[in-house]
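A.B. asks: Structure provided below as structure tokens; questions to follow.
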Amino acid sequence: MEDLSGARGILRSSGARSSLINNLVYPLPHSDGLSLGVHFTKTLWGTFLLGPTATYVEGKDNYEKNRLPIAAFAESAKTLLPEIEESDLQLGYSGLRPKLAAPDHKGIVDFVITRDSKVPQAIHLVGIESPGLTAAPAIAQYVFKMVAEDFD
């Protein structure tokens with residue numbers, strides 16, 4: 001089995017309640033470490049994205065299988081925004097994410113930033129999930145120092 005999580009969908013909203021989301025809105029991380037849970041992401045166009053949910057899948061071709069209905073997204077989003085209604089949402093997209101941990105692993109798995117053992121000039125950055133974007137400046141500084149070692 002490949003360790004892939006299938007995002008069971010991202011939903012979009014351009015309805016009146018879009019104005020209630022002005023920033024990123026996240027719940028506390030799930031204890032299983034699979035995902036951060038359903039969260040809101042404000043777009044540049046005044047809309048928001050809601051999602052994703054995640055579950056392990058057995059292959060790269062079945063990530064649309066067992067997609068959650070919009071009502072399930074709306075229900076889980078109510079913990080963050082009680083005003084949200086199913087009618088505010090429309091289907092967005094689904095996709096795959098490689099995972100560092102197998103389905104039976106419990107807890108959070110951190111980023112892997114390491115040199116290739118056979119080609120030390122190559123630096124691998126693996127498993128950089130959320131909060132990868134937030135951590136990007138710190139990751140860049142860390143990798144910059146690794147690269148600088150090659151020139152010392």
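Please treat every number below as a calculation from the coordinates, not as lab data. Quick caveat: nothing in here was measured; it's all calculated off a predicted structure.
A.B. asks: Using amide H atoms built 1.01 Å from N in the peptide plane, name the residues 5+ places from residue 48, or on other chains, whose amide H lies under 5 Å from its own.
C.D. replies: Hits under the 5 Å cutoff: 13, 43.
A.B. asks: If you don't mind, another one. On each of the three principal axes of the Cα atoms of the stretch 78-152, give max minus min coordinate, whole Å, ordered largest first.
C.D. replies: Projected onto the principal axes, the Cα atoms of the stretch 78-152 cover 59, 30, 23 Å.
A.B. asks: Quick one: what are the phi-derived ³J(HN,Hα) couplings along the stretch 78-91, Karplus 6.51/-1.76/1.60 with θ = phi - 60°, whole Hz, x for glycine and proline?
C.D. replies: Each residue of the stretch 78-91 in turn: 4, 5, 9, 9, x, 6, 5, 10, 4, 5, 7, 10, 9, 4 Hz.
A.B. asks: Taking amide H positions as placed 1.01 Å from N in the peptide plane, with prolines and chain starts having none, which residues 5 or more places from residue 24, or on another chain, fall under 5 Å of its amide H?
C.D. replies: Counting only residues 5 or more places away or on other chains, the set is 42.
A.B. asks: Convert each backbone phi in the stretch 111-123 into a coupling constant with the Karplus relation 6.51 cos²θ - 1.76 cosθ + 1.60 (shift: θ = phi - 60°), then list the ³J(HN,Hα) values in order as whole Hz, x for Gly and Pro.
C.D. replies: With the stated coefficients, the stretch 111-123 comes to 4, 10, 10, 8, 7, 6, 5, 9, 10, x, 6, 8, 10 Hz.
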